[in-house]
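Asks: First the structure, which I've put down as structure tokens, then a few questions once you've had a look.
Rule-based calculations on the coordinates, nothing more; no lab input. Remember, it's a predicted structure, so these values are computed and weren't measured experimentally. Positions of Cβ are generated from backbone atoms using ideal geometry, with glycine treated the same way; all protein chains shown enter the neighbour counts.
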Amino acid sequence: MLGAGGAGWVAYQKLDGNITSDTDGAAELERYEKERPTALVRGARNILLIGSDSRAGKANGRYGRDNGTQRSDTTILLHLAADHRRATAVSVPRDLMVMVPACRRRDGTRTGPVYAMFNHAFERGGSACTVRTVERLTRIRVDHYMIIDFRGFKQLVDALGGVRVCLRQSVHDPDAQLDLRAGVQTLDGEQALGYVRARKALGDGSDTDRMDRQQRFLGALVAKVNSNGVLLNPGRLYPVLDAATSSLTTDPGLASLRNLYELVRGVRGIPTGRTQFLTLPRRPDPGNPNRDQLDNNSAKKLFAQLRMDAPVKVVRPPRSRAHGGEGGPVPSPTPTFRGSTAGRDTCR
């Protein structure tokens, strides 16, 4: 028993030590504390999930040349309700034109404010610049943030034994390393990364379709993590925890196994049908139709509901939709937004 207890402690220490604490980002946010929004509802939490497109490392070289910089390939603002019964995940389009504030670069120099695509914030000033950009855009306090790169994403999916998705059509996309038949497929890490990043061979080729696919995959991944086959099987759970923690960078407030466990436990208690996904309401930018701008009227309603921890009502968008329709409200006494739930069947 003592041996088992000692082994358990060693495993705990290893997992706890895997997590990278972003102390530099936290210090930069502290510098701007006075400008940051105030949390309005006790117990509600907002967590910024950032997927970095870093090409560093041999395994990531196929996705482009490593030039020493990285942008946020995927960014999701996850709102967890104070009653622990609701979750709302809001994707922020990387091509959304926003005001990026003056930020500190990784080399210590400072940039001036600039009107640019949202994903430039991470390239210019890392996590702190991205958090401040989101907070200025939404007036929602970001309580915590988590960053994962290509390598970490692939390792997590592989540790889970793959993630099941359903494809409406066959996919052959050499650029995304994908060659898949239509129907139910279990994707390994490499395939999963191609699936969530591809534009050309999946859907209508738009970033809207890509974000919708990312949301569906995230829902499937959460369902796999929450399954008893993973959580109740120590032999499967440890590799998943090892992959997740070794690839994770968080703010200091989350940078411990205990704090991450408390977060995951809270998320697991949320019914699948009450975990909702949507994209920030936006429309084509008049200066460049290949870029987006915020749909201010719809976005203000969404941000207000999240700030006040009010339920957000989403309806599934039609399969064929115009660029500007994603995230837009449907006439209703209660503001309604287009999106989906984690329980959605991807083949329907």
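Asks: How high is the relative contact order of region 268-308, given as a whole-number percent (alpha carbon pairs under 8 Å, six or more residues apart)?
Replies: Across region 268-308, relative contact order equals 28 percent.
Asks: Among the trypsin sites (Lys or Arg not before Pro) within region 106-169, which fall in a DSSP loop and have no more than 14 other Cβ atoms within 10 Å of their own Cβ?
Replies: Working: sites: Arg106, Arg110, Arg124, Arg132, Arg136, Arg139, Arg141, Arg151, Lys154, Arg164, Arg168; in loops: Arg106, Arg139, Arg141, Arg168.
Filter output for region 106-169: Arg106, Arg168.
Asks: Over 27 Å between Cα atoms, which of Lys154/Lys301; Lys34/Lys313; Lys14/Lys224; Lys154/Lys300 qualify?
Replies: Values: Lys154/Lys301 36 Å; Lys34/Lys313 32 Å; Lys14/Lys224 24 Å; Lys154/Lys300 35 Å.
Violating the 27 Å Cα-Cα cut-off are Lys154/Lys301; Lys34/Lys313; Lys154/Lys300.
Asks: Also, quick follow-up: Taking the Cα-to-Cβ direction at Arg110 and at Arg268 and moving 7 Å from each Cα, how far apart do the two end points lie in nm?
Replies: Label at Arg110, label at Arg268, 4.5 nm between them.
Asks: In Å and on Cα atoms, what radius of gyration and Dmax does region 121-196 show?
Replies: 16.7, 44
Asks: While we're looking at this one, here's another question. Separation between the Thr23 and Ser170 pseudo-spin-labels, each 7 Å from Cα along Cα→Cβ, expressed in nm?
Replies: So the label points at Thr23 and Ser170 sit 5.5 nm apart.
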